[in-house]
Each structure stands twice: as structure tokens, then as C-alpha cells.
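Here's the structure, in C-alpha cells; my notes come after.
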Amino acid sequence: MTSPSSTVEPRQRRPLRIAEVFLLILALGGGIGGFAMVGLSIRGELPDQFWFRSMLLAATALVAHIVLRLRAPWADQVILPAVVLLNGIGLSMIWRLEISDATGMAPADAAGNMQATLLGAIVAFALLWVLKDHRWLRRYTYTAMVVGLVLIALPLIPGLGQEINGARIWISVGGFSLQPAEFAKIAFAVFFAGYLVTNRDTLALAGPKIFGLQLPRLRDLGPILLIWAASLAVLILQRDLGTSLLFFGLFVAMLYQATARSSWIVLGLTLFAAGALAAARLFPHVGARIDVWLHPFDAEYYDREVGGSYQLVQGQFSMANGGLFGTGWGEGRPFQIPYAFSDFIYAALGEELGLTGLAAVVLTYLLIVQRGLKSALSVRDGFGKLLAGGLAFAMALQVFVVIGGITRIIPLTGLTLPFMAQGGSSLLANWIVIALLLRISDSARRPSDLPVRGQVSAGAPAPEPEPILVGPSGADGGTPADGTPAAGSNLPRRRVVDRDPHGAPGDAAPTEHIGTDVPPEHRGGESR
């Protein structure tokens, strides 16, 4: 008989993350290669500080990989390389616009954006190092709600908030500008996940059913009405259509994820449409966005100095000039687009990389979103499922709102393209989102000690086979041919005795056996 000490238990080895290393090399090649091609095309030589900036980007990726290997070895191996690729391409385009010496490109600052990238990566992976379990955030569900509401209210404080280009969504602290709404979306995602995981049954099952839709009870409408009011307040007071859509869309999507009720989608879209229509009629700046979207080539809107369609039309012309494969790095004229380094960096990339390059960028974003949703499906706890799904959807919605506005699918908004557009707040907030997705994916992929269906948990002794009980055989109606006891048959009585896994009595591993007081001819399977 084999002793317990000689039993070898299978163990899963920590992954070496070789795939991530290979993908990081390709991602760095795309970003650094674009940086080099810009310099060679415009100046005929490598850019100033080319090797320093390249090594800085490579060192950031290497440190991030080491942190993941040490603190989250089971995390997804595709998310980090995808982010590094987008970040590198964005830095290359910002530097290309900076050296164009065009009048409107003076604010373009590739070095400043590189510093924001480093700060975002440091904060993100410090969070990943400290936060060992994403479920710890659930303790602060309502604290996150308060933090989110305070953050979106900060720009309204006199002396602190700043109004730029008609939108009051920035605050100035110590000479630095910050967009609090970028961090508010993370706080709201934590609050929504914590609230919905507790109340999902009430939201899903209670309420009347009208026209085939399960509608919520009136008292359960409180949270959605609160977020609807908050999103309208952002739209009205801060004149920020994009952030309003992002907040409300995030909550409705997480409601659907938690309850699987299409009625929440219908109700959410109805409320947002009603609020947007009312705002368009009551507030001129909202109505002007819609008019510019519908009639961008009209002279009335094209020649308007503030709030006109000039920027939107120039972006359309740039993407058309790029065609299928683009003019090449440094060969186009994307600097003719106002704010090409921030709001319209997607159009600037479209001119020099073409439709092919734009499709590659969109697919990279979709890859990050898909990996986030996959982690949401795989993680074992409800809070993690909702948080990962909400963060992934928030990124998908933000990308759609930005690209949809530039390509005139929807009205133009003031959001920035994650990881590519110039903006320290956006970079820092989205790096934190990536850190949370990586932490949840590590939990989802990490082997569990809990047994799954058809298996026994690691370390537990294999159960002994239970004796098969067979009734008395014979022609008196005891047991049918298939061995199933007939009704009224005299089955043996069973009792529980204590026995260790190797048959020695006295240990607390109960196994069912037939009592010894039963005659041998009535013991199932023993008197053959």
C-alpha cells in the first residue's frame, strides 16, 4: 500500500510569460519604428534624444513585465503589449505634429506626454503591487460613489474649475490642469459593481411585466434616476456631452450585465434620449453640436469662429487624403487639423497611416476590450465580473464616442482617445484601468483550490467507492434483472463507521458500510 508521503500531487507551474515578451518586442518595434520614421522623413536623421526616449519606453515595458511576473503571473499576456503599442504610436504622432512648426501645433508636447506615460505606468503597477485581491475594493462601494460625485463636481467650484473651448471640465492645481471626470469613471465603476452585486436579484426579478419587458419597481429606480440626473448635470453645467454619455452608458451596461434584463437597456436609452433632446432644445451649445454634426459643410457652420464645423471638416479631408495606405509618416499635412494632437489624433493618424492603419488601431482597442470581457467571464466572484465588464465597456464606449464623433457617426464630443491622445489625466486614469483589468485577469486565470465539477479539490483524499446495495435475489420478487431494488424489498440497513482512508478504524473519515448484523445472503455484493 502506498503511503501518503510517497504520493505525488500535480502542481501547475507559474507561467513564464514568454508570449508577453514576444508581443512586447513587436509593440516596441511599432512605436519606436514610427518615432524613427518621422525623424528620417522630416529631417533626414533620427530625432533628437531618439535613443533616450526609446530606451525609456522599453524600460517602462520591461519593468511592467517584471512586476506582472512577480505579482500577477497568471494575468493576461496580451493587454500590456497592446497598450504599449498604442502608447508608442500616439507618442510618435504627437512628436510629428510638434516638429511641424505649424501655428496651431505649439501646444503639442511629446516629452510631456512621455512623462505622463511614465507617471501613469508607475501608479498603475504600484497599485498592482499593493492590491493583491480586487475584492478588497468592494469594501468601499459607497465611498467610491461619494468620491465619484465629488470629482465631477470639482470643475464647478469657482477659482478651481477652468473653462476651455466652452467646456468646464478641468481644474487647475499648482499650475497643472487635471480632468477629474477621467478618474470619476473608475470610482463609479467600483460603486456600480459593489451595488449591483448586492441588489442584482431585486433588480432582475421584482417589478411588473409590461409588453413582454420586466420593468423594475419604482423604488428600485432610485440609482438609475440618480445617475441620469448626474449625467444631465454634467451635460448642462459643464457642457460635456461625451462624459455625460460615458457615465450613463457605463451604468446601464453594468445593469444589463448584472440582471440580463433587456428592459434596463430600453429604459436607459429612453431616459438618455429624453434628456439629450430636452438639453438640445433648452441649451444652445448642445443644439449647436447637433447642427454641426448634421450640416458640417454649410457655410454658416463652417465659417463660425467658435463652435463651428471647421475642425470636423478638416479631419474628414485629412482622412480622405490618406486613402487606403496613407501618405506615410511625416508626409502628410495633419497639422492643418485644429487640436490634431489631442481630440483629433485619430484623423491625423488616418492621413499618414491610411484606412489600414486606422483599422489596426481599432482592432488593437477591440483586443484590449475582448480580453477584459474574457476576464469578466472567467473570474469566479460576482464583484470581479461586474468590475471587469464595466471597465472594459467604459473603454469600448469611450473609443466609440471619440471615433464616432470624428467620422460623423454621432455628434462630436470632447473625450480623448485612450493611450494615444495628448492628455495627462486620460493617460493616468486609463493606466489605472489597465492595472485593474490585469489584476482581475490574474485572479480569473489563477488555479483555484476549490473543486470544479467532476474533480476533487487538491490535497483531499480520493473518496472510497460506495458499496452497491442489492436486494435479495430469487424468484420471490426481490431484485429485477438490472439490480434495482424492488418496492417493498427487504434492503439491508446501513450505518456509518469511522475509518481512516486505509481502512484503520478510529479516524474521522466516515465511510458508509453495511452493518455486520445483516445476514450474508442479504449483503449486497458480498456473498457471491
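Observations
- Mean-position separation - Cα centroids, the range 91-161 and the range 365-440, in angstrom: 14
- Measure of compaction for the range 41-182 (Cα Rg per 2.2 N^0.38 Å): 1.31
- Every Cα-Cα pair of the range 250-351 was included, and the share exceeding 25 Å stands at 46 percent.
- Here, the range 287-408 has an Rg and a Dmax of 17.6, 57 Å when only alpha carbons are counted.
- Estimated from the Cβ-Cβ distance and a Förster radius of 22 angstrom, the FRET efficiency linking E305 and A278 is about 0.20.
- Extension gain (nm, one decimal) between A111 and F52, 0.36 nm per residue minus Cα-Cα: 20.1 nm
- Sequence-distant lysines (8 or more away, or on other chains) whose Cα lies within less than 26 Å of K374: K132, K185, K385
Taken together, the values in this text are just the output of simple stated rules run on the coordinates, not laboratory data. Owing to the predicted nature of the structure, the values given are computational and were not obtained by experimental measurement. Ideal geometry is used to build each Cβ from the backbone, glycine not excepted, and the neighbour counts take in all protein chains shown.
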